[in-house]
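Working notes for the structure below.
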Amino acid sequence: MPKVALFNQAGQNIGDITLADSVFGVEHNQQVIYDVVKAQRAAMRQGTHSSKTRTEVSGGGKKPYRQKGTGNARQGSTRASQWVGGGVAFGPKPRSYDYKVNRKIRRLALKIALSGKVSQDKFVVLDQLQLETFKTKGIVDVFNNLNVEGKIMVLLDGQNENVEIATRNLPNVQTVVYEHASVYDILNHNFVVVTEATAKKIEEGLLE
């Protein structure tokens, strides 16, 4: 079972914490990660693209020239797709790119992503994370004490207003409740910072 160091907010190692092997010690599977991240990225697409068809373009009510005798191909409207200013044939329309991935696969991908952070020593566990004020300097000091840098993801076990507000002004930090963490977000950050309580709740939620 994987063991990780337990730190306080001053960056001092105050012991170890043992994590569940079935959640934080899962073997890497590239295909599972690919399938889930691809689905999550697709769901993030706005899908608001739109083009006008020939029925939506204004004008073109009059037949451009007579049917026969001109030597040209017959035409019924200047708003057809072959005309300049005409509508778009088979163009994009607003739609959702979301598609389903099985729940077991999603859960497995989350375990793999967390296990990868643990094996790389990028999963930092604190005994607690409490700030006296919501000033950004407080959370920056905590990160400096822990020697974490780059893109940082903070997983909370519930509402923590001071931490949420303190990290809001940091462009490289994302703070979410652990239930809302996605595989893509975890992989997209250099460090994942959690409290001991959050780690236990993640275990409880992912244990089968």
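Charge dipole of the chain (Cα centre as origin; +1 on each Lys and Arg Cβ, -1 on each Asp and Glu Cβ, all else neutral): 2600 debye, rounded to the nearest 20.
Each Lys and Arg adds +1 at its Cβ and each Asp and Glu adds -1 at its Cβ; summed about the Cα centre, the stretch 1-56 shows a dipole of about 500 debye.
Here the sum of -39500 (n - 2.57) over DSSP H runs of 4 or more residues, divided by the residues of the chain, equals -10000 deg cm²/dmol at 222 nm, to the nearest 500.
Relative to the Cα centre, the charge distribution of the stretch 30-126, modelled as +1 at Lys and Arg Cβ and -1 at Asp and Glu Cβ, gives a dipole magnitude of about 380 debye.
Using the average count of surrounding beta-carbon atoms within 10 Å as a protection proxy, the listed peptides 64-71, 144-151, 172-179, 183-190 rank, highest first, as 183-190, 172-179, 144-151, 64-71. Length available on full extension from Lys100 to Ser50: 0.36 nm per residue minus the Cα-Cα distance, which gives 15.6 nm. In this label model, Leu207 and Asn13 are separated by 2.7 nm, measuring between points 7 Å along each Cα→Cβ vector. For the listed peptides 154-166, 75-87, a ranking on the average number of other beta carbons within 10 Å per residue, highest first, reads 154-166, 75-87. Calculated FRET efficiency, Asn188 to Ala43, Cβ-Cβ distance, R0 = 25 Å: about 0.95 to the nearest 0.05.
Hydrophobic long helices, here whole DSSP H runs in the chain with Kyte-Doolittle means of at least -1.0 and Cα atoms spread over 18 Å or more along the helix axis, are found at 30-44, 103-119. Atom-type composition of the exposed protein surface of the chain places 48 percent of the accessible area on carbon and sulfur (1.4 angstrom probe). With protein chains left intact and a 1.4 Å probe, residues in the chain average 61 Å² of accessible area per residue.
In the stretch 23-85, a dipole from Cβ-located charges (positive for Lys and Arg, negative for Asp and Glu) runs towards its positive end, and of Gln30, Ser50, Gly71 it is Gly71 whose Cα lies farthest in that direction. Take every DSSP beta bridge whose two residues both sit in the chain; close to 25 percent of them are antiparallel. Our note on the geometry: Cα centres of the stretch 39-94 and the stretch 100-159, 50 Å apart.
The values are calculated or read from the model by the stated rules, or taken from the named source; none is laboratory data. This one's a predicted model, so the numbers in the text were calculated from it and none came from an experiment. Methodologically, a virtual Cβ is constructed for each residue, glycine included, from the backbone with ideal geometry; neighbour enumeration extends over all protein chains shown. In case anyone asks, the SASA skips ligands and DNA or RNA and just uses the protein heavy atoms, side chains included. Shrake-Rupley method; radii C 1.70, N 1.55, O 1.52, S 1.80 Å.
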